[in-house]
1. Restricting attention to the stretch 96-123, and to residues there that are within 16 Å of ILE18 (Cα to Cα) and crowded, with 16+ Cβ neighbours inside 10 Å, which single residue is farthest from the chain's Cα centre (by Cα)?
2. If I ask for residues that are at positive phi and of a type outside the set (Gly, Ala, Ser), which ones from the stretch 21-72 would you list?
3. I'd like the full set of residues that are among the polar types (S, T, N, Q) and either in contact with a helix residue (DSSP H, G or I) (Cβ under 7 Å, 6 or more places away or on another chain) or assigned to a helix (DSSP H, G or I) (or both), limited to the stretch 1-10.
4. May I ask you to list the residues in the stretch 67-102 that are touching a helix residue (DSSP H, G or I) at 6+ places or on another chain (Cβ under 6 Å) and among the small types (Gly, Ala, Ser)?
5. Being over 23 Å from LEU15 (Cα atoms) and in contact with a Ser or Thr (Cβ under 8 Å, 6 or more places away or on another chain) is true for just one of SER36, SER45. Which residue is that?
6. Is it true that some residue in the stretch 42-60 is aromatic (Phe, Trp, Tyr), surrounded by 18 or more Cβ atoms within 10 Å (Cβ to Cβ) and in contact with a Lys or Arg (Cβ under 7 Å, 6 or more places away or on another chain)?
7. State all residues of the stretch 73-84 that are surrounded by fewer than 15 Cβ atoms within 10 Å (Cβ to Cβ) and within 21 Å of the chain's Cα centre (by Cα); if no residue qualifies, say none.
8. Against the condition closer than 20 Å to LEU122 by Cβ and buried (at least 18 other Cβ atoms within 10 Å of the Cβ), how does TYR35 come out, does it pass?
Amino acid sequence: MIQRIQSLYLLLAALVQILFATGTYFTYKVLDISYSVKGSGIFNSEGEKTGGDMKTLILGIGISVLGVICIFLYKNRKQQIKLCRVGGLLTIAEIVFIVISYFNTKEIAENGLSFGYVVFILPISTFFFFLAAKAVKKDDELIRSVDRIR
């Protein structure tokens, strides 16, 4: 289980998702008040929540839990491949959600719109999920070829 490279990929994908869920996506200014958009909502410079919801926080934590669950499904490779692909697709949906959120915020922001580091590490999670799916498929093919030899 731990010796397999896909376990490492899935663990890294889960860690990136946790970083994403708890980090700041972007900051902007409106009328000299600084706002930051995070997974748990939109906060002003004093730290008070001014809007938003926890969709991306819940989605990010859910995807990281999915990655950890996939690690322990090593006996059922077909299901593990499917869940890895689902995790990658959910991460792509998360990217789309952040892009939509960015364009909605861009309309009301006067200036000073800047991205946080978590926006740039999110595609890495997608990459790790698809790498894990590929590695599981490779293991499955290897086991099938050994079964044919017997």
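1. Start the filter on the stretch 96-123 by keeping residues that are within 16 Å of ILE18 (Cα to Cα), which leaves 98, 116-123.
Filter once more, so that each one left must be crowded, with 16+ Cβ neighbours inside 10 Å: 98, 116, 118-119, 122.
Values: ILE98: 11, GLY116: 15, VAL118: 10, VAL119: 10, LEU122: 5 Å.
The extreme case among them is GLY116.
2. If the condition is that a residue be at positive phi and of a type outside the set (Gly, Ala, Ser), then LEU31, ASP32 are the ones that fit.
3. Step one: filter the stretch 1-10 for residues among the polar types (S, T, N, Q), giving 3, 6-7.
Listed by number, the residues that qualify are GLN6, SER7.
4. GLY67, GLY87, GLY88, listed by residue number.
5. On the way: SER36 fails: over 23 Å from LEU15 (Cα atoms).
Among SER36, SER45, only SER45 is over 23 Å from LEU15 (Cα atoms) and in contact with a Ser or Thr (Cβ under 8 Å, 6 or more places away or on another chain).
6. Within the stretch 42-60, the subset aromatic (Phe, Trp, Tyr) is 43.
So of that shortlist, the ones also surrounded by 18 or more Cβ atoms within 10 Å (Cβ to Cβ) come out as 43.
Right, trim to in contact with a Lys or Arg (Cβ under 7 Å, 6 or more places away or on another chain) and you get 43.
Scanning the stretch 42-60 turns up at least one residue that is aromatic (Phe, Trp, Tyr), surrounded by 18 or more Cβ atoms within 10 Å (Cβ to Cβ) and in contact with a Lys or Arg (Cβ under 7 Å, 6 or more places away or on another chain).
7. Taking the stretch 73-84 first, the residues surrounded by fewer than 15 Cβ atoms within 10 Å (Cβ to Cβ) are 75-76, 78-79.
Once the filter is applied, which keeps residues that are surrounded by fewer than 15 Cβ atoms within 10 Å (Cβ to Cβ) and within 21 Å of the chain's Cα centre (by Cα), the stretch 73-84 yields only GLN79.
8. Values: closer than 20 Å to LEU122 by Cβ: no; buried (at least 18 other Cβ atoms within 10 Å of the Cβ): yes.
Judged against the criteria, TYR35 is not a match.
Since every read-out is calculated from the coordinates, none of them should be taken as a lab result. In this text the structure is predicted, and so the values were computed from the model without any measurement. Methodologically, a virtual Cβ is constructed for each residue, glycine included, from the backbone with ideal geometry; neighbour enumeration extends over all protein chains shown.
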